[in-house]
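One structure below.
Coordinate-derived values only; no laboratory data. From a predicted model like this one, the values you see are computed outputs, not experimental measurements. Counting neighbours? That spans all protein chains shown, and the Cβs are built from the backbone with ideal geometry, glycine included.
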Amino acid sequence: MAIYTTGARLGVVEDQRRALQSLAHVHYQQGRFKEAVEALTAFLDLSPSPDEQRQALLLLGAAQLQMGSAAAARESLEGYIEGGAAATPHARLRLAAALVAEGEASAAIQQLELALAEELPPPQETEALFALARNQEAAGLQGDALATWQRLSRDAATPFDRGEALWQLAALAGRTGE
């Protein structure tokens, strides 16, 4: 940390960017999200390449979300998504969480559906489907939520997740008279 901090203050611009990037990653991994945001903000002020900027925006959005700054996270994650980078589905999942925190269930549903249209690893797909079903219920889309819970009860990544989905499906079906 001391080396990265010194490099961020004293090095040439390229070394400063590298040091700030490394510092941000270490802070994020250690749960110091405020410090990660500060390092990433300083990094972005040093005019990184478009690729480096997109990577920083993804981590910045994740750190802001962890801090409870949903509006700032939304802006950062939307900036990442606009660049069309490889982790766009992952960014959409985080953006959906920020939208839920802002009370925008319909917009969160749209982001989750877009993320699910991409290829996600099974655990992330299951996570996205759980979030989708919950948001569909919150938005009053009971029929859609029932279909999503059914899909999860068959296709979730683990037996535990399939059981949880079946439980949620039964509970919603009971509440709606299905």
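Miscellaneous remarks
- Evaluating 6.51 cos²θ - 1.76 cosθ + 1.60 at θ = phi - 60° for every residue in the range 130-137, the Karplus couplings come out as 4, 5, 4, 4, 4, 5, 5, 4 Hz, glycine and proline recorded as x.
- The sum of -39500 (n - 2.57) across all DSSP H runs of n ≥ 4, divided by the residue count of the chain, sets its helix-only mean residue ellipticity at 222 nm to -26500 deg cm²/dmol.
- GNM top mover of ARG54, ARG162, ARG92 - the chain, alpha-carbon springs below 10 Å: ARG162
- Residue (of VAL37, SER76, THR88) at the positive-pole extreme of the range 1-118, dipole from beta-carbon charges: VAL37
- Here the Gaussian network model covers the chain, with springs between Cα atoms less than 10 Å apart; of THR88, THR41, THR126, THR41 fluctuates the most.
- ALA86-LYS34 FRET efficiency (beta carbon distance; Förster radius 30 Å; 0.05 resolution): 0.65
- Cα convex hull, the chain: 113 Å³ per residue, rounded to a whole number.
- Using the Cβ-Cβ distance between ARG151 and LEU46 with R0 = 45 Å, the FRET efficiency computed as 1/(1 + (r/R0)^6) comes to roughly 0.50.
- Counted charge near PRO48, where neighbours are those whose Cβ lies closer than 12 Å (Asp, Glu -1; Lys, Arg +1): -1
- Placing +1 on the Cβ of every Lys and Arg and -1 on the Cβ of every Asp and Glu, with nothing else charged, gives the chain a dipole about its Cα centre of roughly 380 debye.
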